[in-house]
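**Student:** Encoded as structure tokens, here's the structure I'll be asking about.
The values are calculated or read from the model by the stated rules, or taken from the named source; none is laboratory data. As the structure is a computational prediction, the values presented were derived from the model and not from experiment. Methodologically, a virtual Cβ is constructed for each residue, glycine included, from the backbone with ideal geometry; neighbour enumeration extends over all protein chains shown. Heavy atoms of the whole protein, side chains included, go into the accessibility calculation; ligands, DNA and RNA do not. Shrake-Rupley method; radii C 1.70, N 1.55, O 1.52, S 1.80 Å.
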Amino acid sequence: MAADPLTDAVSARICKHMNEDHAEAVLAYAHHYGGVNAASAARMLTVTATNMELDVDGQTLRIPFDHTLTDSEDAHRTLVAMLRAMPARES
């Protein structure tokens, strides 16, 4: 299956999936990459070729990617790699 270009519709699909199925990962992005250690809630708002935008406790936070994303498959691989690169958080 071919990857989709990173359009607004694809961004919305990625965000819906992340917010519904991986909310803990979205909060982890805010903690680790956004430096917002006290965050209690985060929602992914958009994914662009250069960054993800989160709503973290009512504040907008942009987290840049380490490269320009090319398509939906690159976005998936990058989001997974960013999560795997984080140290394990203690409960």
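**Student:** Just the number please: accessible area per residue for the chain, 1.4 Å probe, all protein chains included, in Å².
**Tutor:** With the other protein chains kept in place, the chain gives 63 Å² per residue.
**Student:** Answer with one residue from PHE65, HIS32, MET52: the one whose Cα lies farthest towards the positive end of the charge dipole of region 2-85, charges on Cβ with Lys, Arg +1 and Asp, Glu -1.
**Tutor:** HIS32
**Student:** Quick one: net charge around VAL56, please, counting Lys, Arg +1 and Asp, Glu -1 for every other residue with C-beta under 12 Å from its C-beta.
**Tutor:** In short, -1.
**Student:** Round to the nearest 10 and give me the degree value, 0 to 90, for the angle of helix 8-21's Cα axis relative to the longest principal axis of the chain.
**Tutor:** 40 degrees
**Student:** Loop only by DSSP, 14 or fewer other Cβ within 10 Å of the Cβ. Give me the GluC sites (Glu not before Pro) in the chain that pass, ordered by residue number.
**Tutor:** GLU90
**Student:** Using a 1.4 Å probe over the heavy atoms of the protein chains, calculate the carbon and sulfur portion of the accessible area of the chain as a whole percent.
**Tutor:** Its accessible area is 53 percent carbon and sulfur atoms.
**Student:** Here's something else I'd like to know. Could you give log10 I(q)/I(0) at q = 0.23 Å⁻¹ for region 1-52, computed by the Debye formula over C-alpha point scatterers of equal weight, without solvent?
**Tutor:** -0.87
**Student:** In addition: Kirkwood Rh, the chain, all Cα pairs: how many Å?
**Tutor:** 13.2 Å
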